[in-house]
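The values are calculated or read from the model by the stated rules, or taken from the named source; none is laboratory data. Everything quoted here is computed from the prediction, not taken from an experiment. Please note: Cβ atoms are built from the backbone with ideal geometry, for glycine as well, and neighbour counts cover all protein chains shown.
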Amino acid sequence: MDIIELILDEDSEGLTGIEAISIVESGAIESDFISLSEQEIKLAKVDDEKRLLMGAALIPNKPIFRKNGENTFYVYFSEKTVRRASELFFQNSMQNNATLEHEMEINNLTVVESWIVEDTEMDKTKKYGLSVPKGTWMISMKVENEDVWKNYIETGKVKGFSIEGFFADKAQVKDPSLKSEWSKELQEIEEAEAEYMLSNIKALIKKDKRTKSGKRTELETFNDYPDAVSNNAKRGIELNKKINNKCATQIGKIRAQQLANKENISVETLKRMHSYLSRAQEYYDEGDTKACGTISYLLWGGKAGLRWSESKLKELENNK
């Protein structure tokens, strides 16, 4: 597979770099997110009373597996790009932008400290049991959101940071000889990804189950959601355009396009849809069409999406 260096294009008209930090359980594989591998996702509680978390945001020269449709490849960042990305993050005032599992925008999480590891032996990451290479971008985040702290941090549901951002479309392709240098690590990543994909396939296939018509259901995907779900997504897209698409995470925008186009969605997406709409309904205000809480909710299908996803999940549970 190709190994691609992601770079910053500061000459572009749009925003470049990192626009948010997400707290996650495991690495995301969607092409719009950059996450460390399972072994590198680790949070340290610096201070329980002050509710400070420490973790790596980006590690230089580390191959990161990506999947974009049917295409698979690796990306990496140079030390120079990691450092510049960390600088732009604050220059663009993104330190208050946070999401949960790249889905739900959350308030009262702030990056309060940021540094590049210069000396692995002398760096304070050692004190907190974090082992990272030279050039790593480390951050400390203050969590003043009671729900997030109690239900996600203290319970261990989230284990690390993952960045959301935009990098140059014209990425530089690294010398293929680098593959030999990373051969063992690339093999481990590919094996882990194969296992991940296999587990997803197993979850989607209903073994020896048959529908009422007697036909075997091989792969569960659905597009039988009501027109109201698609219409809500379309409305969310239009409202977001009016405010220069400043609302919602990238995955929320992708989800809206799927729903608007009546595309099939998997069981896993169905669960994510229900989870997000259940949690985020308190931020929805029908009368405020410029509020990001309202727009994001519509992008995921709105109230109609919540009703349908809940009903569909119950139907699937009863048919087990």
Would you confirm whether any residue within the range 162-170 is modelled with pLDDT under 50 and in a loop (DSSP other than H, G, I, E, B)? yes
Assess whether Glu195 counts as being modelled with pLDDT under 90, assigned to a helix (DSSP H, G or I) and within 20 Å of Ala57 (Cα to Cα). no
So, restricting to strands (runs of 3 or more DSSP E) that lie completely within the range 1-114, which ones have at least 2 residues that are touching a Pro at 6+ places or on another chain (Cβ under 9 Å) and at pLDDT 70 or above? 71-76
Are there any pairs, at least 6 apart or on different chains, whose C-beta atoms fall under 8 Å, with the first in the range 139-159 and of a type outside the set (Ser, Thr, Tyr) and the second in a helix (DSSP H, G or I) and modelled with pLDDT of 90 or more, and if so, which? Val143/Trp149
If we ask which residues in the range 115-132 are modelled with pLDDT under 90 and under 12 Å from Leu58 (Cβ atoms), their number turns out to be 1
Residues being among the acidic types (Asp, Glu) and either on the phi > 0 side of the Ramachandran plot or modelled with pLDDT of 80 or more (or both) - total across the range 245-281: 1
Being farther than 28 Å from Leu316 by Cα and among the polar types (S, T, N, Q) is the filter here, so list the residues in the range 251-296 that pass it. Thr289, Thr294
Scanning the range 130-150 for residues that are assigned to a helix (DSSP H, G or I) and either surrounded by 14 or more Cβ atoms within 10 Å (Cβ to Cβ) or not assigned by TED's automatic domain parsing to the domain that holds Ala56 (or both), the one nearest to the chain's Cα centre (by Cα) turns out to be Val148
Of the listed residues (Lys134, Lys159), the one being closer than 25 Å to Ile7 by Cα and of a type in the set (Lys, Arg) is Lys134
Starting from residues that are surrounded by 15 or more Cβ atoms within 10 Å (Cβ to Cβ) and in contact with a helix residue (DSSP H, G or I) (Cβ under 6 Å, 6 or more places away or on another chain), keep the ones in the range 268-291 and report whichever is nearest to Lys234 (Cα to Cα). Thr289
